[in-house]
1. State whether one or more residues within the stretch 371-393 are outside the structural domain of THR145 (by TED's automatic domain parsing), surrounded by 19 or more Cβ atoms within 10 Å (Cβ to Cβ), assigned to a strand (DSSP E or B) and of a type in the set (A, V, I, L, M, F, W, C).
2. Hey, among ALA71, ALA60, ALA64, which residue is farther than 20 Å from LEU142 by Cα, surrounded by 15 or more Cβ atoms within 10 Å (Cβ to Cβ) and among the hydrophobic types (A, V, I, L, M, F, W, C)?
3. Mind listing just one residue for me: the one in the stretch 202-213 that is buried (at least 21 other Cβ atoms within 10 Å of the Cβ) and not hydrophobic (A, V, I, L, M, F, W, C) and, of those, farthest from SER181 (Cα to Cα)?
4. Restricted to the stretch 62-82, and to residues that are within 18 Å of ILE119 (Cα to Cα) and in contact with an Asp or Glu (Cβ under 7 Å, 6 or more places away or on another chain), which residue is modelled with the highest pLDDT?
5. Out of the strands (runs of 3 or more DSSP E) lying entirely within the stretch 216-327, which hold 2 or more residues that are under 30 Å from GLN125 (Cα atoms) and at pLDDT below 95?
6. Looking at the structure I just gave you, is LEU339 under 27 Å from GLN112 (Cβ atoms), modelled with pLDDT of 95 or more, buried (at least 19 other Cβ atoms within 10 Å of the Cβ) and not assigned by TED's automatic domain parsing to the domain that holds GLN62?
7. On the given criteria, is SER333 more than 28 Å from LEU120 (Cα to Cα), buried (at least 16 other Cβ atoms within 10 Å of the Cβ) and either not small (Gly, Ala, Ser) or not assigned by TED's automatic domain parsing to the domain that holds ALA150 (or both)?
8. If LEU180 meets every condition in (1) modelled with pLDDT under 95; (2) within 28 Å of the chain's Cα centre (by Cα); (3) crowded, with 17+ Cβ neighbours inside 10 Å apart from one, which number is that one?
Amino acid sequence: MFNLFNLLAPDTQKEKEPLSDSSKQLLRQKVFSVNQPNAIVQDFETFIEFLQLHKVEVSANQNAIAPKYLADLNERLSYPIKIDFQRPSQKSYPYIHGLYLLLRGSAIAQVQVDKKKNILQIDPQVLQSWQELNDTEKYFNLLATWIFYASEGIMDNDNRSFNEWWYVFHCWKDLPKQGLSFTSSLDEDWLRRLKLHNVALLNLFGFIEVEDAQPLKGKGWRVIDAKPLPFGSSIMELLRSTNWERGLYLDLDDDFLEPVEEEKLIGIDVVVQESTPTEILQEEFQALDLFLAWENNLQLPESESKDGIFVFKVSLKAVWRKIAIPSSLTLCSLSSAILDAFDFANDHLHQFTYKDRQGFKKSIYHAYTQDNEGEGFTDAILLREWQINIGDRITYVFDFGDWWEFSVVLESIDEPDPTIKKAKVIDKKGKAPEQYPDYDDDE
């Protein structure tokens with residue numbers, strides 16, 4: 001199997017250079033608080049409070065914050081910025097955009113449907129876990145979230161090959177000690193590669209000092225100087241001296257898992273310690289006796305099963321069917337119910353694609369699908385175990401050749417009904433298209 005780790009970090013097979021004594025001393029002496037080494041924890045909690053005070057609507061597809069909230073939120077942050085856009089979007093405010101990605105990546109904030117509106121809401125269980133952390137733990141959990149989870153991919157507009165941090169980590173090498181003044185095209189290229197929201201996060205985490213200026217007419221945030229700070233340089237040196245990259249390929253390293261399975265077959269007792277990416281970062285740092293106040297990490301609640309009758313609205317352009325199906329059945333049963341509802345023959349493979357609590361796309365495939373890199377197979381996952389919520393939009397694809405793409409929405413989860421043992425259509429609109437239309441030979 002292709003090992004993404006080798007591509008993301010081609011120098012990981014080389015012996016790491018040890019952390020310098022000066023950096024080690026600086027890091028050991030560093031004090032962490034809500035606004036030290038800068039305001040990342042403070043502004044993150046300001047954002048949380050804002051979401052608790054307001055029903056913040058987000059867009060249907062990208063889940064971006066509605067423009068009407070942005071100016072108010074911007075003024076509440078430690079570094080309110082000035083822009084000259086008539087119609088600003090979330091990305092027009094890099095500090096808001098960066099913090100938003102951390103909120104989603106940490107799963108503290110999730111998109112929920114409330115009266116047919118998409119609302120960015122705080123998960124009370126994850127919030128409680130956050131509040132139990134000390135300031136050092138909060139800082140490094142946010143750093144781990146940035147490194148491993150914060151991605152514009154959750155907004156369906158990221159066309160970059162690697163995750164956000166890969167660009168941050170490698171762009172840092174091109175940031176000279178004296179900083180960049182963005183007076184040349186090379187400096188501007190650094191900004192383009194890094195993206196402004198990552199510049200904002202570098203500032204909030206205390207890695208760099210940023211100077212900005214009044215925006216040009218019709219333009220956004222104008223950064224005129226970015227200078228690395230000793231703390232940021234020391235953290236980057238620390239990362240270069242450790243194997244933190246292990247957290248990037250936890251689900252990809254089949255080359256490691258295969259020998260483990262072979263050893264188990266011949267009777268060798270092998271225990272594989274499963275660590276989260278955050279725990280891996282913690283282990284790597286504390287192996288050097290650093291940040292020992294970092295003991296606990298943000299905990300996500302265990303997934304809960306949902307018993308009852310699932311009601312889905314399945315649409316194929318203007319044609320739709322409402323299907324009621326018991327939660328005890330599998331996603332494969334749902335697939336069959338959709339095909340029956342549209343008078344399609346069940347003679348091809350299929351997949352369901354949805355977003356998890358952090359906003360990342362996940363796919364579940366037909367059991368006969370080759371090279372499956374999804375979350376499992378549809379004949380093995382019960383609806384009650386499927387981690388979707390009411391209002392979630394799901395894409396169902398049938399027949400990878402003709403590519404019939406259905407839009408599926410979970411409209412409700414009704415009380416269990418023992419009389420309903422299989423799926424049934426409870427409402428419908430429109431005539432289903434022919435699965436195999438007869439084409440004129442001249443066409």
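The values are calculated or read from the model by the stated rules, or taken from the named source; none is laboratory data. Here the structure is a predicted model, which means the values were calculated and not measured. Cβ placement follows ideal geometry from the backbone for every residue including glycine, while neighbour counts extend to all protein chains displayed.
1. Looking through the stretch 371-393, none of the residues is outside the structural domain of THR145 (by TED's automatic domain parsing), surrounded by 19 or more Cβ atoms within 10 Å (Cβ to Cβ), assigned to a strand (DSSP E or B) and of a type in the set (A, V, I, L, M, F, W, C).
2. Values: ALA71 fails: surrounded by 15 or more Cβ atoms within 10 Å (Cβ to Cβ); ALA60 fails: surrounded by 15 or more Cβ atoms within 10 Å (Cβ to Cβ).
Of the residues listed, the single one that is farther than 20 Å from LEU142 by Cα, surrounded by 15 or more Cβ atoms within 10 Å (Cβ to Cβ) and among the hydrophobic types (A, V, I, L, M, F, W, C) is ALA64.
3. In the first step, residues of the stretch 202-213 are kept if they are buried (at least 21 other Cβ atoms within 10 Å of the Cβ); the result is 202-208.
Add one more test, that the residue is not hydrophobic (A, V, I, L, M, F, W, C), and what stays is 203, 206.
Numbers: ASN203: 15, GLY206: 19 Å.
Going through the qualifying residues, I end up with GLY206.
4. The selected residue is ALA66.
5. Working: elements: 222-228, 309-316, 319-326.
Hits in the stretch 216-327: none.
6. On the way: under 27 Å from GLN112 (Cβ atoms): no; modelled with pLDDT of 95 or more: yes; buried (at least 19 other Cβ atoms within 10 Å of the Cβ): yes; not assigned by TED's automatic domain parsing to the domain that holds GLN62: yes.
No: the conditions fail for LEU339.
7. Working: more than 28 Å from LEU120 (Cα to Cα): yes; buried (at least 16 other Cβ atoms within 10 Å of the Cβ): yes; either not small (Gly, Ala, Ser) or not assigned by TED's automatic domain parsing to the domain that holds ALA150 (or both): yes.
Yes, satisfied.
8. Looking at each condition in turn, LEU180 falls short on (2).
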